[in-house]
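Visitor: Here's a structure for you.
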Amino acid sequence: MSKEASKGTALVTGASSGIGAVYADRLARRGYDLLLVARDRKRLEDLAARLRGETGVAVEVLTADLTAREDLLAVEKRLRDDAAISLIVNNAGLGPEGALIGADIDYLDRMIALNVTAVNRLAIAAATVFAARDRGGIINIASVVALIPEIFSGSYSGSKAFVLNLTQALQSEVAKTSVRVQAVLPGLTRTEIFDRVGRSFDEFDPASVMDAGDLVDAALVGFDRGELVTIPSLPDAKDWEAASAARVALGPNLSKDKPADRYRMKAVA
Ligand code: NAP
């Protein structure tokens, strides 16, 4: 395939396991060359060798701890300098250990560094270079817990709400370009995410846990359809549209020169 006809290179963060490894597989089968980013070189090399053998695409491994500023800046630099990169999947993320009260706040700091700071840098850098080239795609992996903070660790759900907001804001900035932006909101998805924090999917009803392959295949259908927000579990898209419309309807009344009448102090008799 000529370089012009090729889809370019997809940079996938957190490609060594779970959802990211499935994205790497599916994107290779769609003809993307790959740049795989995570910390575990051996797992990345093994995946790279398999995908080169099975699909014939070029696969490069870039090890980075995205919570370490130097590593993050190196990945960002590659993203800015390599004009072949046409798609980024901001997928690397850590899950919560449990409730907030009594939590290890240092762990939550690391989680925020990965789920928020790294995604922020890489998504904005990608949007900047892609908009200038009028080409490219940004897929940000958020979570349905962005919508239901009451039932899940607030630091984690907040980090995923950040990813959702960032994606929606970027979309409004790239709207006049050919750049495509998508936030994917998985529900529970069978990966290593809970093993990493000493938890297990056995805590949950199996009927609420999706396989990573099904999740990514559905998310890519949403991407192909040009969806800004994809919620693979949600049966009826109208439910999301109604929730979004209710939020947008608040807009004209969210910033005024005076408080609403309902907050006026009652005159004391
Ligand atoms: P996973 O199997 O644990 O994969 C996490 C990936 O992130 C691994 O490739 C890991 O690779 C990488 N990673 C972890 N720390 C890193 C660091 N400091 N620097 C660079 N890479 C790092 O979990 P997953 O479920 O596939 O998670 C993928 C994304 O989906 C996350 O953003 C997660 O929040 C989101 N999500 C998951 C679920 C779920 O139920 N599974 C639901 C909603 C959203 P290394 O260890 O090699 O670095």
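Visitor: Within segment 128-141, how many residues turn out to be buried (at least 23 other Cβ atoms within 10 Å of the Cβ) and either within 14 Å of GLY14 (Cα to Cα) or among the aliphatic types (A, V, I, L, M) (or both)?
Guide: The number of residues fulfilling the criteria is 4.
Visitor: I'd like the full set of residues that are on the phi > 0 side of the Ramachandran plot and open to solvent by 70 Å² or more (accessible area, probe 1.4 Å), limited to segment 185-226.
Guide: GLY198 - this is the single residue of segment 185-226 that is on the phi > 0 side of the Ramachandran plot and open to solvent by 70 Å² or more (accessible area, probe 1.4 Å).
Visitor: Also: Give just the number: which of (1) in a helix (DSSP H, G or I); (2) open to solvent by less than 70 Å² (accessible area, probe 1.4 Å) does LEU250 not satisfy?
Guide: Failing condition for LEU250: (2).
Visitor: Just a yes or no: is a residue in segment 149-156 of a type in the set (Gly, Ala, Ser), crowded, with 19+ Cβ neighbours inside 10 Å and closer than 19 Å to THR13 by Cβ?
Guide: No.
Visitor: May I pose another question? Give the residue that is farthest from the chain's Cα centre (by Cα), with candidates limited to residues of segment 55-81 that are of a type in the set (Ser, Thr, Tyr) and not in a helix (DSSP H, G or I).
Guide: THR63
Visitor: For a quick check of your reading of the model, give me the residue pairs whose first member lies in segment 38-49 and is over 19 Å from ALA74 (Cα atoms), whose second is open to solvent by 70 Å² or more (accessible area, probe 1.4 Å) and among the charged types (D, E, K, R), with beta-carbon atoms closer than 8 Å and at least 6 apart or on different chains.
Guide: From segment 38-49, the pairs are ALA48/GLU60.
Visitor: Also, I was wondering about something else. Has segment 232-242 got at least one residue that is part of a loop (DSSP other than H, G, I, E, B), of a type in the set (Ser, Thr, Tyr) and modelled with pLDDT under 95?
Guide: No, segment 232-242 contains no residue that is part of a loop (DSSP other than H, G, I, E, B), of a type in the set (Ser, Thr, Tyr) and modelled with pLDDT under 95.
Visitor: When both residues are 6+ apart or on different chains and their Cβ atoms are under 6 Å apart, which pairs have a first residue that lies in segment 176-197 and is aromatic (Phe, Trp, Tyr), and a second that is assigned to a loop (DSSP other than H, G, I, E, B) and open to solvent by less than 10 Å² (accessible area, probe 1.4 Å)?
Guide: Hits for this filter: zero, empty list.
Visitor: Take ASN90 and tell me if it is within 11 Å of the ligand (Cβ to nearest atom) and farther than 19 Å from ARG199 by Cβ.
Guide: Yes.
Visitor: When you look at GLY98, is it closer than 19 Å to THR191 by Cα, of a type outside the set (Phe, Trp, Tyr) and open to solvent by 20 Å² or more (accessible area, probe 1.4 Å), yes or no?
Guide: For GLY98, the condition - closer than 19 Å to THR191 by Cα, of a type outside the set (Phe, Trp, Tyr) and open to solvent by 20 Å² or more (accessible area, probe 1.4 Å) - is met.
Visitor: Can you name every residue in segment 23-54 that is loosely packed, with under 15 Cβ neighbours inside 10 Å, more than 9 Å from the ligand (Cβ to nearest atom) and under 21 Å from the mean Cα position of the chain (by Cα)?
Guide: ARG29, ARG30
Visitor: Within segment 149-204, how many residues turn out to be within 13 Å of the ligand (Cβ to nearest atom) and over 21 Å from THR230 (Cα atoms)?
Guide: Qualifying residue count for the region: 13.
The values are calculated or read from the model by the stated rules, or taken from the named source; none is laboratory data. It should be emphasised that the depicted structure is a prediction, and the values quoted were computed from it without experimental measurement. Cβ atoms come from the backbone with ideal geometry, glycine included; neighbour counts cover every protein chain shown. In case anyone asks, the SASA skips ligands and DNA or RNA and just uses the protein heavy atoms, side chains included. Shrake-Rupley method; radii C 1.70, N 1.55, O 1.52, S 1.80 Å.
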